[in-house]
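To start, the structure itself, in structure tokens.
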Amino acid sequence: LMRHATHIGDELAKSEAVKVLADTMSDTNERVRRRAMATLGELLFYVATQQRPDAAEVWGVTDSVIEVFIRTLKYEEDEITKHYACKTIENIVSHEGASWSDAFTECRTAILLFAIVLKKESGDQIRGTAASALSRSIRCNANILHPLVGEVDNVNARDGLIGMLRDTEAKVQRS
């Protein structure tokens, strides 16, 4: 329902929905985690689009909430949930103005997104979304490109970037 809302009142913020959804990501059921990540992503994008400088505080977007997305990228999670996390990052860093979105343009996030792009056994959709999120993050913070020059999962970044240009998935190439 949040996806189609034009305005969400502060009453929902007071319900600690962001915290509850973030906590739900520790559920053992894969389908529950998928739905929680999709909803949390939609809600955080809504928060990012608000013109209020205190939106993150009002909604309870804390470091631990951001960490949920990083953990989802980092650890073995089902591909659909991981794709939702990549898509959320892509959407949030595409929207300028959310100061708290800088947490998604850090080196560790870039390295994790790059590793997803390079993982050939992953589906084209997640690889394309991760590539787009990575390129948009680099546009926001060019300094995160420097750590990628090293090794990522034993792959030289230069070779990885060339591989992205040769990739059969168009979204990976464009990014």
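Going by what's in this entry, would residue 47 be described as more than 24 Å from residue 142 (Cα to Cα), among the aliphatic types (A, V, I, L, M) and open to solvent by 40 Å² or more (accessible area, probe 1.4 Å)? Can you show your working first?
On the way: more than 24 Å from residue 142 (Cα to Cα): yes; among the aliphatic types (A, V, I, L, M): yes; open to solvent by 40 Å² or more (accessible area, probe 1.4 Å): no.
It is false that residue 47 is more than 24 Å from residue 142 (Cα to Cα), among the aliphatic types (A, V, I, L, M) and open to solvent by 40 Å² or more (accessible area, probe 1.4 Å).
Tallying residues that are touching a residue at least 24 places away in the same chain (Cβ under 8 Å) and either closer than 17 Å to residue 9 by Cβ or assigned to a helix (DSSP H, G or I) (or both) within the stretch 51-60 yields 6. Here residue 81 passes the criteria (1) of a type in the set (Ser, Thr, Tyr); (2) open to solvent by less than 30 Å² (accessible area, probe 1.4 Å); (3) over 23 Å from residue 26 (Cα atoms) except the one numbered (3). Pairing each residue of the stretch 20-44 that is more than 24 Å from residue 93 (Cβ to Cβ) with any residue that is open to solvent by 10 Å² or more (accessible area, probe 1.4 Å) and among the β-branched types (Val, Ile, Thr), provided the two are 6+ apart or on different chains, yields C-beta distances under 8 Å for 32/24.
Residues in the stretch 91-108 that are modelled with pLDDT of 85 or more, surrounded by fewer than 16 Cβ atoms within 10 Å (Cβ to Cβ) and more than 14 Å from residue 69 (Cβ to Cβ): 107 alone. Among the conditions (1) farther than 16 Å from residue 137 by Cβ; (2) in contact with a helix residue (DSSP H, G or I) (Cβ under 7 Å, 6 or more places away or on another chain), residue 89 misses just one, which is (1). Do you know which of the residues in the stretch 18-44 that are surrounded by fewer than 21 Cβ atoms within 10 Å (Cβ to Cβ) and of a type in the set (Gly, Ala, Ser) is farthest from residue 77 (Cα to Cα)? Filtering the stretch 18-44 for residues that are surrounded by fewer than 21 Cβ atoms within 10 Å (Cβ to Cβ) and of a type in the set (Gly, Ala, Ser), the one farthest from residue 77 (Cα to Cα) comes out as 38.
Among the residues of the stretch 50-70, write down those that are closer than 20 Å to residue 135 by Cα and surrounded by fewer than 19 Cβ atoms within 10 Å (Cβ to Cβ).
Initially, the stretch 50-70 is screened for residues closer than 20 Å to residue 135 by Cα, giving 66, 69-70.
Hit for the stretch 50-70 is 70, nothing else.
Checked against (1) modelled with pLDDT of 85 or more; (2) closer than 17 Å to residue 82 by Cα; (3) part of a helix (DSSP H, G or I), residue 136 passes all but condition (2).
Put simply, of 65, 20, 47, 32 the only residue that is under 30 Å from residue 145 (Cβ atoms), part of a helix (DSSP H, G or I), at pLDDT 90 or above and more than 11 Å from the chain's Cα centre (by Cα) is 65. From the list 90, 76, the one residue that fits, being under 25 Å from residue 120 (Cβ atoms), of a type in the set (Asp, Glu) and assigned to a helix (DSSP H, G or I), is 90.
The values are calculated or read from the model by the stated rules, or taken from the named source; none is laboratory data. Everything numeric here is computed off the predicted structure, so don't read it as measured data. When we count neighbours, we look across all protein chains shown, and the Cβ atoms used for this are built from the backbone with ideal geometry, even at glycine. We work out accessible area using only protein heavy atoms, side chains counted, and drop any ligands, DNA or RNA first. Shrake-Rupley method; radii C 1.70, N 1.55, O 1.52, S 1.80 Å.
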